[in-house]
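In what follows, a structure is listed as structure tokens, so that the remarks can point back to it.
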Amino acid sequence: MTLRPDSPASDRVHNWSAGPLQVDWSRVERTRYRIHQRITYRYEGPVRSLEQRLVVQPRSVHGDQRRLSRRLTVLSAIPESVEASVDLFGNTVVMLNIPRVEEEVTFVTSSVVERDAQHGPHIEPAALLQDHNLLDATPLTCADQTIDLLAEELMASGLTGTALATAANECVHNALSYQHGATSVRTTAAEALARRAGVCQDYAHVLLALTRRLGLASRYISGQMLGFGGSHAWVEVLVPDPSGHARVLSLDPTHGRATGYEYITVAVGRDFADVTPLSGTYQAPFAGSLTATKRVFMTALGPGDCTDSDVQAIA
């Protein structure tokens with residue numbers, strides 16, 4: 001039995017401050033996106049009993065975002081079963097059983113989602129503010145003495161709610177340097193902070209460790225950004241809203257900012273382990289190799305400062 005390694009959260013950092021077209025997002029009322037991914041595993045020889053888990057298609061609804069369609073095609077192998085389900089956090093999980101793969105198998109997935117700026121703030125039930133899933137540390141987000149000291153400094157500032165969460169996001173952004181290969185999917189928040197380096201999942205884990213020490217309910221977000229490259233990770237912090245509910249703050253510590261319409265949420269969890277995009281097992285005496293490509297582009301935008309030809313240029 002071979003256990004396939006977890007897929008890393010990102011293979012490169014994105015660096016767009018206002019989107020590839022410099023869109024005036026304040027004038028955009030609705031956006032529609034297509035997410036296209038091609039995931040290929042290659043093996044040194046035949047493998048048997050492949051059990052593949054995919055968490056790569058966006059959840060059906062998340063704040064102002066809703067999924068309009070999703071599709072999965074399997075190439076070079078014949079699945080015995082394909083089952084889609086919704087996990088504890090509302091994520092779409094696809095499980096495939098493939099009895100035999102000769103040399104390679106490819107999963108091609110395409111999803112269409114829409115975001116509605118008229119939706120208003122992302123509001124959740126107030127009960128989530130006290131949800132232990134969002135407040136308790138996990139093995140990947142345990143605080144150490146360094147994180148405790150950062151939390152004490154932030155608490156001493158007197159900031160609360162949105163201001164406190166924003167300050168924590170800036171703190172983590174300044175504390176780490178983006179460095180591909182410096183960490184793995186099993187690196188903890190404390191380890192990444194000690195190295196002062198990591199990728200987006202490490203930034204997210206450090207921020208989760210910090211905000212949870214501050215008593216702020218927080219969750220890990222696995223998602224995508226416009227363009228090509230790997231998946232991305234950020235954090236949602238929940239704070240009390242005057243309406244009596246919980247308001248969701250979506251913060252990207254890798255870029256040190258709040259997220260915008262360049263971001264598409266795929267899955268939500270306590271940390272990376274809950275939302276691992278690709279994982280599985282198979283029977284063979286050798287390991288496989290993974291190749292994955294992703295493209296996210298807008299198919300509709302309006303009203304705003306872009307013409308139809310501008311939108312096509314993104315694709």
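The values are calculated or read from the model by the stated rules, or taken from the named source; none is laboratory data. Being a predicted model, the structure only gives us computed values, none of them experimental. No Cβ is skipped: glycine too gets one built from the backbone with ideal geometry, and neighbour counts run over all protein chains shown.
Data table
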read-out: Lone qualifier among R30, R34 - being under 19 Å from S111 (Cα atoms) and in contact with a Phe, Trp or Tyr (Cβ under 8 Å, 6 or more places away or on another chain); value: R34
read-out: Among the candidates A84, A165, A151, residue that is buried (at least 17 other Cβ atoms within 10 Å of the Cβ), small (G, A, S) and touching a strand residue (DSSP E or B) at 6+ places or on another chain (Cβ under 7 Å); value: A165
read-out: Single residue of L96, L54 found to be at pLDDT 95 or above and in contact with a Phe, Trp or Tyr (Cβ under 7 Å, 6 or more places away or on another chain); value: L54
read-out: Selected residue (criterion: surrounded by the fewest Cβ atoms within 10 Å (Cβ to Cβ)) from residues of the range 113-128 that are within 21 Å of the chain's Cα centre (by Cα) and more than 19 Å from G260 (Cβ to Cβ); value: L128
read-out: Unmet requirement for V113, which otherwise passes all of (1) over 26 Å from G229 (Cβ atoms); (2) in contact with a strand residue (DSSP E or B) (Cβ under 9 Å, 6 or more places away or on another chain); value: (1)
read-out: Breaking point among (1) buried (at least 16 other Cβ atoms within 10 Å of the Cβ); (2) out of contact with any helix residue (DSSP H, G or I) (no Cβ under 8 Å at 6 or more places or on another chain), for V185; value: (2)
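Yes/no matrix, rows are residues, columns are (1) assigned to a helix (DSSP H, G or I); (2) surrounded by fewer than 18 Cβ atoms within 10 Å (Cβ to Cβ):
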| position | (1), (2) |
| --- | --- |
| G181 | no, yes |
| L193 | yes, no |
| L207 | yes, no |
| T211 | yes, no |
| L238 | no, no |
| A267 | no, no |
| A273 | yes, yes |
| F286 | no, yes |
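Residue-by-condition table, conditions (1) of a type in the set (S, T, N, Q); (2) assigned to a strand (DSSP E or B):
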residue	(1), (2)
R59	no, no
R71	no, yes
M95	no, yes
T109	yes, yes
L134	no, no
